[in-house]
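Peer 1: Take a look at this one; I'll ask things after.
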């Protein structure tokens, strides 16, 4: 059985962070499923950094695959974090997705910001959420309120029997 040495307040904060980010990813994935006209093509074509790479992803031969992988990735990360199952994998997947979003429209001086909710310089919400996922990756957030913890307890009880 996995245990940690954090206070209940620290555990609660980490679990809430995990749940909030999980909800954000799951919502973003599901809303795209229910919008049949959604595509990442416009976002990719408006990339202000690494234009050839993002332009290739937006090509007619790739955009369907990219859209599907984006939706599946968002939902998988969201469910992993919300349910507390393979949390570290979900955190890495989320950091990779957010890293791509960040690189498509980085908030660097002199570059067009693209479709963003404000004016930023270097640090935007994608980078902040990458940092939060890095925290979840580093700490044993699977020890509190997670299916991963439930399964490890059942496995430990089965082995002990």
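Peer 1: Please find the FRET efficiency linking residue 88 to residue 108, where r is the Cβ-Cβ separation and R0 is fixed at 30 Å, and quote it to the nearest 0.05.
Peer 2: Once the sixth-power term is evaluated, E becomes 0.50.
Peer 1: Taking region 1-112 as the region of interest, what is the percent of Cα-Cα pairs per 5 angstrom bin, listed from the shortest bin to the one with the maximum distance?
Peer 2: 2, 11, 17, 19, 17, 13, 9, 5, 4, 2, 0
Peer 1: With label points built 7 Å along Cα→Cβ from the Cα atoms of residue 34 and residue 20, find their separation and express it in nm.
Peer 2: Label-label distance for residue 34 and residue 20, simple model: 2.3 nm.
A short reminder: the numbers here are calculations on the coordinates, not readings from a lab. Computed from a predicted model, the values in this text were never measured in an experiment. Methodologically, a virtual Cβ is constructed for each residue, glycine included, from the backbone with ideal geometry; neighbour enumeration extends over all protein chains shown.
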